[in-house]
Amino acid sequence: MQCVGWLVFVVATSVLVVPLPARTAEPDASSLAVVVGATSSVQRVTLDELRELYMRRQRLWADGSRAIPVNLPPGSAWRELFSQRVLGRSPRDLVSYWNARYFEGITPPPVLPSISAVRAYLASEPGAIAYLPADTVGDELRVLLKIEPPSR
């Protein structure tokens, strides 16, 4: 039985160290909007709170409800911009951070495959928060913060 447990451990941990896909094209001049669903009770978030949420050091909103930060895929230029501007490092640089957190029982924020998937999830999950290109935010979402791209 110990061999089976070790095999499961090796398989489970090897998933965390797979190479990240190459980045997609650069985002245009649009800013990033940090958004929640229109029905969310969350009214504001600071950059520091956002960083704590995405690094999973803060897991609850002020009212005690579960906070669910959501990421775009690692190859997304929007995720790269968010990671650099808010977390201070690239998604690639965060791999070792998340590998270490895994052994503490902490997993990274869930990843959704597209902007439309993030929008749909936020509209249905009041505890979720995400970032999207500002020009893609619809009426089903509420903007809490805007993150401007670096000046060129």
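Taken together, the values in this text are just the output of simple stated rules run on the coordinates, not laboratory data. It should be emphasised that the depicted structure is a prediction, and the values quoted were computed from it without experimental measurement. Using ideal geometry, Cβ is built from the backbone for each residue, glycine included, and neighbour counts are taken over all protein chains shown.
What is the gain in length, in nm to one decimal, between ILE106 and ARG57 on full extension, counting 0.36 nm per residue of separation less the C-alpha to C-alpha distance?
Working: separation 49, 0.36 × 49 = 17.64 nm, distance 0.92 nm.
Stretched fully, the ILE106-ARG57 segment lengthens by 16.7 nm.
Around the amide H of VAL35, modelled in the peptide plane, lie the amide H atoms of ALA130, TYR131, LEU132, LEU144, all under 5 Å away and 5 or more residues distant in sequence or on another chain.
The slack between GLN84 and SER116, meaning 0.36 nm per residue of separation minus the straight C-alpha distance, is 9.3 nm. Gain on full extension, evaluated as 0.36 nm per residue between LEU47 and SER151 minus their Cα-Cα distance, stands at 35.6 nm.
Sequentially through the range 88-95, phi angles give Karplus couplings (6.51, -1.76, 1.60; θ = phi - 60°) of x, 7, 7, x, 4, 5, 7, 4 Hz, Gly and Pro residues having no value and appearing as x.
Could you tell me the calculated FRET efficiency between ALA77 and ASN99, based on Cβ-Cβ distance and R0 = 30 angstrom, to the nearest 0.05?
0.80
Hand me the GluC sites (Glu not before Pro) from the range 53-152 located in a DSSP loop with no more than 14 other Cβ atoms within 10 Å, in residue order please. Spell out each step's value before the answer.
Details: sites: GLU80, GLU104, GLU140; in loops: GLU104, GLU140.
Sites meeting the loop and neighbour criteria: GLU104, GLU140.
Shown in residue order for the range 65-77 are the 3J(HN,Hα) couplings computed by the Karplus curve 6.51 cos²θ - 1.76 cosθ + 1.60 at θ = phi - 60°: 7, 5, 8, 10, x, 10, 10, 7, x, x, x, 6, 5 Hz (x for Gly and Pro).
Give me ARG56, ARG79 ranked fewest to most by other Cβ atoms within 10 Å of their Cβ, as a rough exposure proxy. List each step's numbers first, then the result.
Working: ARG56 17, ARG79 21.
Lowest to highest Cβ neighbour count: ARG56, ARG79.
Report the rotationally averaged projected area of the range 46-152 based on its alpha-carbon convex hull, in square nanometres.
Quarter of the Cα hull surface area: 7.2 nm².
Ordering ALA120, ILE106, LEU47 by the projection of their Cα atoms onto the charge dipole of the range 46-152, which places +1 on the Cβ of Lys and Arg and -1 on the Cβ of Asp and Glu, puts ILE106 at the extreme positive end. Applying a DSSP loop filter and a limit of 12 other Cβ atoms within 10 Å to the chymotrypsin sites (Phe, Trp or Tyr not before Pro) in the range 48-116 leaves PHE103. Per-residue 3J(HN,Hα) values for the range 99-106, derived from phi via the Karplus relation 6.51 cos²θ - 1.76 cosθ + 1.60 with θ = phi - 60°, read 4, 5, 5, 3, 6, 9, x, 10 Hz in sequence order (x marks Gly and Pro). In this Cβ point-charge picture (+1 for Lys and Arg, -1 for Asp and Glu), the range 56-129 has a dipole of about 120 debye about its Cα centre.
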